[in-house]
Amino acid sequence: MVNKKNIWFLTLFSLILVLSIYYITMPNDLLLTSVDTKGDIESDEVVSEISESTILVALRVEDEESYLEELETLKNILNSKDASVKEKNNAYEQMKSLNINKSEQQKLESDIKKEFNLNSFVKIDGNQVRVVVDSDKHDTKLANNIIRKIQNNYENDMYISVKFQSK
């Protein structure tokens, strides 16, 4: 049965999710710090701007839309007076699974970014992991290293595919 604590948890989690999506989609201009015009601070640091390919952005938007649609459907089941307790519990479990899946995808993307310095899109569907990497270089050794890095996060064998896309 859904109680007040669970509702508050879902509400706060949804708020955090919306804020994190807003932060991710913010323009880079807002995130860059401005250089002091007085000349008091001198820096040898080079600021480089990394932009994602439109393919990765399109994949993220498509994934986010399907995620939000599924989440909305499950919320409607939870809020329905006609749904049975079993249906509501199943909907709640599916919501938890969706949120866990989403966080795993983001974690894998950040791991790939940290270790290989590549922008990527990760989609997890059951035991299948699809990775799209933003790179002009199609390297089988790099693909194998990415597959090994992802597989190290799971105890069970996962079916992992890596696709290279250029800008």
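Just so you know, all these numbers are worked out from the coordinates, no wet-lab data involved. Here the structure is a predicted model, which is why all the values come from computation and not from measurement. Cβ: placed from backbone, ideal geometry, glycine included. Neighbour counts: every protein chain shown.
Listed cross-link partners K102/K141; K113/K163; K4/K81 are compared with a 18 Å cut-off, the Cα-Cα value being larger for K102/K141. Note on V18 and K137: the model spin-label points, each 7 Å out from Cα along the C-beta direction, lie 4.3 nm apart.
Of D136, D111, the sequence from fewest to most neighbouring Cβ atoms within 10 angstrom is D136, D111. Ordered by the number of other Cβ atoms lying within 10 Å of each residue's own Cβ, fewest first, F13, F121 fall into the sequence F13, F121.
Applying D = kT/(6 pi eta Rh) to the stretch 90-135, where Rh is the Kirkwood radius over alpha-carbon pairs, T corresponds to 37 °C and eta to 0.692 mPa s, the Stokes-Einstein value obtained is 290 µm²/s. With the charge dipole of the stretch 60-133 set up from +1 on Lys and Arg Cβ and -1 on Asp and Glu Cβ about the Cα centre, the Cα lying farthest toward the positive end among the listed residues L71, N119, S97 is that of S97.
Between N79 and N156, the contour length at 0.36 nm per residue exceeds the Cα-Cα span by 24.2 nm.
With r defined as the distance between the Cβ atoms of N145 and D125 and R0 fixed at 30 Å, what FRET efficiency is calculated, to the nearest 0.05?
On the way: r = 22 Å, r/R0 = 0.74.
Efficiency, rounded to the nearest 0.05: 0.85.
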